[in-house]
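Working notes, structure below.
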Amino acid sequence: MDMSSRWSWQISSAKLAEEWIFTAFIRDISERQRSEAALRRSEEQVRLLLSSTAEAIYGIDLEGNCTLCNPACARLLGLPGS
């Protein structure tokens with residue numbers, strides 16, 4: 001991991017009366033970056049699995065709307081672009 005992207009910081013200033021006040025917030029975001037990378041890997045694995053299987057797979061939400069449809073399902077339904 002590039003150490004320069006490990007930190008997130010915010011610096012602000014304000015003039016109060018005749019004095020300047022500066023604040024700085026510095027945060028180590030390496031754990032968040034690791035979590036985001038793990039999530040991207042997991043999403044890619046699911047995408048590859050859904051794309052490579054010959055079985056039609058679809059998902060619906062609680063209102064019955066289709067939320068996902070793999071390529072095999074799209075072909076079975078004759079959807080455009082399949």
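The values are calculated or read from the model by the stated rules, or taken from the named source; none is laboratory data. What you see is a predicted model, and the numbers here were worked out from it, not measured in a lab. All Cβ positions, even for glycine, are placed from backbone atoms using ideal geometry, and neighbour counts span all protein chains on display.
Summary of values
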| item | result |
| --- | --- |
| Residue, nearest to residue 74 (Cα to Cα), within region 27-56, restricted to residues that are in a loop (DSSP other than H, G, I, E, B) and either in contact with a Gly (Cβ under 9 Å, 6 or more places away or on another chain) or of a type in the set (Gly, Ala, Ser) (or both) | 56 |
| Residue identified as among the acidic types (Asp, Glu) and modelled with pLDDT of 95 or more among 55, 31, 19 | 55 |
| Candidate set from region 28-54 (those that are touching a strand residue (DSSP E or B) at 6+ places or on another chain (Cβ under 9 Å) and surrounded by 11 or more Cβ atoms within 10 Å (Cβ to Cβ)); member that is farthest from residue 9 (Cα to Cα) | 50 |
| Any hit, region 13-26, residues being outside any helix (DSSP H, G or I), among the hydroxyl-bearing types (Ser, Thr, Tyr), more than 30 Å from residue 68 (Cβ to Cβ) and without any contact (Cβ under 8 Å) to a residue 12 or more places away in the chain | yes |
